[in-house]
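Structure, as structure tokens:
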Amino acid sequence: MVSEHTDTVGDTSALALKILVAGGFGVGKTTLVGAVSEIRPLRTEELLSEAGQLVDDTDGVDQKVTTTVAMDFGRITIRSGLSLYLFGTPGQDRFWFLWDELAQGALGAVVLADTRRLEDCFPAVDYFEHRRIPFVVAVNCFTAARSYGAHDVSRALDLDRGTPVVLCDARDRDSGKEVLIRLVEYAGRMHTARLLDSVG
């Protein structure tokens, strides 16, 4: 979703870009959206149920008591005239039918990863690669997790060459903002390259 609107203070046009925040169950998507959003984030969380225990793998995230069932939504202004609308996707595969709707018009995506459960972000990586949606992998550095370098994570996920991998703390606003800036820069380069290829 790329939209333009007139700033109420002046005549300059402001640009709003749609960004998805995806990844596995319990990786920190809701936390990231909440940490960076300048508005009170919209959340669609429900308590984990006994029925859900049969399908939700909570191994490694034993303290988690809620889950996103539709999406999270937040907004952040990167600089004057540039805002990002953030849509956090649900992590469990039974909610993936929502992803196609959420992905409509997205500039790009952040795939959050937890090195303790790295395989959980494979579906998100595959989803964005197959749809040619630019994305960055943001490794949420949990205190109990063993630390790995960006190159190690990139190799483990078999990412296309050039796909950025950044380390972050999803709880920290500045760290989250840096991830989003990297994504906007990377997506901008990707879209420009595709445009040049199409007219070349």
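The values are calculated or read from the model by the stated rules, or taken from the named source; none is laboratory data. Keep in mind that this is a model prediction, so the values were computed, not measured. Using ideal geometry, Cβ is built from the backbone for each residue, glycine included, and neighbour counts are taken over all protein chains shown. The accessibility values were calculated without ligands, DNA or RNA, using every heavy atom of the protein model including side chains. Shrake-Rupley method; radii C 1.70, N 1.55, O 1.52, S 1.80 Å.
Given the options Ala106, Ala113, name the one that is closer than 18 Å to Val33 by Cα, modelled with pLDDT of 95 or more and open to solvent by 10 Å² or more (accessible area, probe 1.4 Å).
Numbers: Ala113 fails: open to solvent by 10 Å² or more (accessible area, probe 1.4 Å).
Result of the check over Ala106, Ala113: Ala106.
Looking at the structure I just gave you, is Pro164 of a type outside the set (Gly, Ala, Ser) and open to solvent by less than 40 Å² (accessible area, probe 1.4 Å)? If you could, list the steps in order and put the result at the bottom.
Numbers: of a type outside the set (Gly, Ala, Ser): yes; open to solvent by less than 40 Å² (accessible area, probe 1.4 Å): yes.
Answer is yes for this residue.
To keep it simple, each residue is scored yes or no on (1) surrounded by fewer than 19 Cβ atoms within 10 Å (Cβ to Cβ); (2) not in a loop (DSSP other than H, G, I, E, B).
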{"position": "Asp126", "(1), (2)": "yes, yes"}
{"position": "Glu129", "(1), (2)": "yes, yes"}
{"position": "Ile133", "(1), (2)": "yes, no"}
{"position": "Ala138", "(1), (2)": "no, yes"}
{"position": "Arg146", "(1), (2)": "yes, no"}
{"position": "Asp160", "(1), (2)": "yes, no"}
{"position": "Leu180", "(1), (2)": "no, yes"}
{"position": "Met190", "(1), (2)": "yes, yes"}
{"position": "Leu196", "(1), (2)": "yes, yes"}
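Pick out, from region 11-94, the strands (runs of 3 or more DSSP E) lying fully within it that include 1 or more residues that are hydrophobic (A, V, I, L, M, F, W, C), surrounded by fewer than 17 Cβ atoms within 10 Å (Cβ to Cβ) and modelled with pLDDT of 85 or more. Steps first, please.
On the way: elements: 13-23, 45-47, 66-68, 72-79, 82-88.
Once the strands (runs of 3 or more DSSP E) in region 11-94 are filtered for at least 1 residues that are hydrophobic (A, V, I, L, M, F, W, C), surrounded by fewer than 17 Cβ atoms within 10 Å (Cβ to Cβ) and modelled with pLDDT of 85 or more, what remains is 13-23, 72-79, 82-88.
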